[in-house]
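Chemist: If you scroll down you'll find the structure; I have some questions about it.
Read-outs throughout are calculated quantities, based only on the coordinates presented, and are distinct from any laboratory measurement. Bear in mind that the values here come from a model prediction, so they are computed numbers and not experimental data. Virtual Cβ from ideal backbone geometry, glycine too; neighbours counted across all protein chains shown.
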Amino acid sequence: MLIPLAHLPRPPPLTASAIFRPRAPRLLASLSLATPPPPLLAASAFASLPLRALLSESQREVEMVGESEGRPLRVGLVCGGPSPERGISLNSARSGEDLLVTCYYIDCGMNAYSISPAQLYSNTPSDFDFKLESLAQGFQSLFDFAQHLAANVDIVFPELLEKANVPFVGTPSKNCLLAFDKYNASLELNAQGFLTVPNFLVEKDKLAKSKLEEWFQSINLDKENGKVVVKPTSAGSSIGVVVAYGVNDAAEKAEGIISEGIDDKVIIEVFLEGGTEFTAIVVDVGTANNSEPVVLLPTEVELQSSSNIDIQEDTIFNYRRKYLPTRQVAYHTPPRFPSEVIDCIRQGVSILFRCLGLRDFARIDGWFLPTPVTSLPSAENTGKFGNTKYGAVLFTDINLMTGMEQTSFLFQQSSKVGFSHSRILRTVVQHACSRYPSLVPCSNAWTALSRKIQAAKQAEAIQKGTSKKKVFVIFGGDTSERQVSLMSGTNVWLNLQGFDDLDVTPCLLTSGNGYSSFHNQNMNGISRDVWTLPYSLVLRHTIEEVNAACIEAIDPERMELTSRLRDQVMNELGQSLSKYDWFAGFDIADKQPIKYSLQQWINHVKEAQAVCMVVLEKMVLFNRCWDLQEFLTQLASYGVHTIPKDLRATEEILKSSPDDIWNDLKAKLQTETDLEVYANALERKLQRMPANCLSRAHGVIEMPVSPPESLIFEPFIETDEIIISTKSVDDSTRHLVWKGENKWLEVTVGVVGKRGEMLSLNPSITVKESGDILSLEEKFQGGTGINLTPPPSTIMSEEALQKCKSCIETLANTLGLEGFSRIDAFVNVQNGEILLIEVNTVPGMTPSTVLIHQALTEKPPIYPHKFFRTLLDLAFARAN
């Protein structure tokens, strides 16, 4: 069955005035303008902005704009592009759903579209692309897109219409071309007197192995097993970066990167054994004609090898370690380097910013080598910048526009020196506007309006005479989904920051095992601790890293170093920014984390008369309470059914013969399992199971910190595969391909409301890109998958859809759910009856979870900040 997509109206006509552009490499390499364009930035360094943070007062601005003289800046956003980094672009852009934003998207074929802010919450670039034909307004060509922007924008982010004389944020394209190409940048750094990493350039169809051998010998590397890093010259986000051993391996991997189409030029560099990677954000606070870069507190990137000796992994900062939760990387801001080394890093970054002609802000990466490296000839490097008595500092990557996900380096480092997400973004934009006289009136109007809104809020608070409502957002724990808990908690906390009547405190619940022991213990007898967190310590990728950062933050030596460097950077920033009328000062106080026992924290919450939002990712109803299966059989007449299950103690699994248990399970459940592989993982206390180690394709499986006391087995429910067809030569539309042989489809449904009055949101189907079981990335991290909310009418009729929602509501109200929960089930597409999988009373609330999609399909759409506030208000009502 082929199902065309044509089910939603197109968005209204476009208006825009400022364009923020997330990562989109080679986005406009083929853009045609009326006059010949300059070389445009072929970069992976484009990143986007949490625009809701940038304009958190936008609704008030809409209401008050008529009262203000002049027109304040309006903001647009362009995301996407043809490179593998489009996922980072989407993740960075996702919170840009502000009502004043006009959104644009570029697909893999370099086609430009206008999209609604709601569509930014598509799970992945594939999700974007699939829905474009029905949800977006397309432009006939990039030239038409450029003409549209030229006629409607005040300022472009960053260089989209440089030749069209539209003001832009960021570095000019000529400077970008030099800085972004890793090979050319290394030549420029060497010419400017900086230490550089020895490298060898490989171009498409021009690899001479003999020349590569000569290079290995020239830097004292063994040609058989000398360790090098092979990476594209013009790709970012560590895409395509691999480690190689010896000439043959290096040549093979270089040719592989080229053949995969990642880049047509590859650079081979010496692996800096014993070195530590760092990254530093630099912000320009100078005047229009005089750059004055201030480097924030750099971040040390600590890479850790797997504790499992059977898993061989190279310790490089690859894509997964950079963007997905993993216990193999930790960040330290400022670095744990000697003060002289940190000063050298900050000085070097500042010099590079000036000599490369960068603008507004950037991120520069490098390495600190505490011990000499034989492949860095000391004679050649005498007098080069980067030599210190403690070791060598080398700069390796220039990022013209850093990634701007919620927990990115930009926000980690800026929050350490007093900037919230919104304040650092406003600073960058306002500084860019100051270079263009034509934008001064709009910039001034924006500043005046912001101050007017703030004054009105303060007057309203005084008039009401009420204090802020206290809210504690708690996340963490020790389940296998604890990292999703962190992502969810961070997202909820940031979305609630924009409400002036709330005082929101993020909190970390530590593991009873301290995140290090994997021994099975009675958790009831273990004390649990809770940290209340300052702003900057929330912005991490893993629960373990947050916990370690809290411990590090209260270390006296680290406290002294951080405080001294923070004051130094804030003084540099304040002296320069204070001359601008638009600078409103710093808005993040320097606080320390506070540690409570769990009971002390509970008492603290009670004393504060606060509401607690729990984001702990524990499925506290189904699959935790075994008697529910029998209890729910009474709902069969209402169309609610359950899957047969078998409960076994973990100890029984480990001590019994896998074959005996396997055969018994097959007899009871009519299924086959990969029991032996899973039992082996439990016995070896693996942190995670590698991808595709079971019989059906799957991603990496995160394992519990402590082996569970019992396991539930259930039959695998066969569903019809839904495939997204590719575009054919004579057909420009994509289709769903669905055979319809089985009547069951898997759905996820959110329910919201008071006890006994729970209402069902629209169900979602997630079309998997590979495998049979959704991975954590597919469900929560925007990694893969296409979400259809609600299911297309050609798959599920409106009558079946309403019956499904009715069954979900009956189930929720029978179980006594209240507030918010997520129900996973299989639905019979013919009659709408459901087969329950699980009920999760603390569901994931990450930016890419399908529950956000479901709220956005309501009429009118419920945006994330309003959705989370609705849940909070239900809790306030219950408390009162």
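Chemist: Past the 24 Å Cα-Cα mark, which pairs from 182/206; 457/754; 739/803; 469/579; 231/416; 182/227?
Modeler: Those over the limit are 457/754; 469/579; 231/416.
Chemist: Next up: Label residue 434 and residue 211 with points 7 Å out from Cα along Cα→Cβ: what is the distance between them in nm?
Modeler: Taking the two extended label points, one gets 4.6 nm.
Chemist: Separation between the residue 659 and residue 551 pseudo-spin-labels, each 7 Å from Cα along Cα→Cβ, expressed in nm?
Modeler: Placing both labels 7 Å beyond Cα along the Cβ direction yields 4.5 nm.
Chemist: Students often check this: by mean Cβ neighbours within 10 Å, which of 479-491, 173-185, 259-271 ranks highest, and how do the rest follow?
Modeler: Per-residue Cβ counts within 10 Å, averaged per peptide and sorted highest first, yield 479-491, 173-185, 259-271.
Chemist: Right, something else. Using the Karplus equation 6.51 cos²θ - 1.76 cosθ + 1.60 (θ = phi - 60°), what ³J(HN,Hα) coupling, rounded to whole Hz, does each residue of the stretch 591-599 give in order, writing x for Gly and Pro?
Modeler: Each residue's phi maps through the Karplus curve to give 10, 10, x, 10, 9, 10, 6, 4, 5 Hz.
Chemist: Under a 5 Å amide H to amide H cut-off, with H placed in plane at 1.01 Å, what residues pair with residue 194 once short-range neighbours are removed?
Modeler: Under 5 Å from the amide H of residue 194: 385.
Chemist: Sorted by packing (mean other beta-carbon atoms within 10 Å per residue), highest first, where do 290-297, 186-193, 365-372 land?
Modeler: Those peptides, ordered most packed to least, come out 290-297, 365-372, 186-193.
Chemist: So if each residue of separation counts as 0.36 nm, and I subtract the Cα-Cα distance between residue 500 and residue 814, what length gain in nm does that give?
Modeler: This chain segment gains 109.4 nm when fully extended.
Chemist: Considering amide H positions built from the backbone, and no H for Pro or chain starts, which residues 5 or more places from residue 505, or on another chain, come under 5 Å of its amide H?
Modeler: 471, 472, 473
Chemist: Please list, by residue number, everything in the stretch 559-587 whose backbone N is under 11 Å from a paramagnetic label point 7 Å out along Cα→Cβ of residue 292.
Modeler: 572-580
Chemist: While we're on this one: Distance in nm between label sites at residue 223 and residue 608, each 7 Å beyond Cα in the beta-carbon direction?
Modeler: 6.6
Chemist: Here's another thing I want to ask about it. Mind scanning 655/685; 468/591; 131/204; 174/211 and naming the pairs with a C-alpha gap bigger than 24 Å?
Modeler: Listed pairs above 24 Å: 131/204; 174/211.
Chemist: Going by average Cβ density within 10 Å per residue, which order do the peptides 392-401, 195-204 take, highest to lowest?
Modeler: The densest-packed peptide leads the list: 392-401, 195-204.
Chemist: Further question on the same structure: Amide H neighbours of residue 169 under 5 Å, at least 5 residues apart or on other chains, H built in the peptide plane: list them.
Modeler: Result for residue 169 returns 156, 157.
Chemist: Please work out how much length the chain gains when fully extended from residue 797 to residue 589, using 0.36 nm per residue of separation minus the C-alpha to C-alpha distance, in nm with one decimal.
Modeler: 69.5 nm
Chemist: May I ask you to evaluate 6.51 cos²θ - 1.76 cosθ + 1.60, the Karplus curve with θ = phi - 60°, for each residue of the stretch 487-503 and list the ³J(HN,Hα) values in order in whole Hz, giving x for glycine and proline?
Modeler: Karplus-based 3J(HN,Hα) across the stretch 487-503 equals 4, 5, x, 4, 5, 4, 4, 5, 5, 7, 4, x, 8, 6, 8, 10, 10 Hz.
Chemist: Something else: Once phi is turned into ³J(HN,Hα) by the Karplus curve 6.51 cos²θ - 1.76 cosθ + 1.60 with θ = phi - 60°, what whole-Hz value does each residue of the stretch 646-655 show in order, with x for glycine and proline?
Modeler: 9, 9, 9, 6, 4, 4, 5, 4, 6, 9
Chemist: Sticking with this structure for a sec: Quick check for me: using +1 on Lys/Arg Cβ and -1 on Asp/Glu Cβ, what's the dipole size of the stretch 530-571 about its Cα centre, in debye to the nearest 20?
Modeler: Computed charge dipole of the stretch 530-571: roughly 160 debye.
Chemist: Also, I was wondering about something else. I'd like the FRET efficiency for residue 712 and residue 743, computed as 1/(1 + (r/R0)^6) with the beta carbon distance as r and R0 of 35 Å, rounded to 0.05.
Modeler: It comes out at approximately 0.90.
Chemist: Applying 1/(1 + (r/R0)^6) with R0 = 41 Å to the Cβ-Cβ distance of residue 187 and residue 143, what FRET efficiency is obtained, to the nearest 0.05?
Modeler: 0.75
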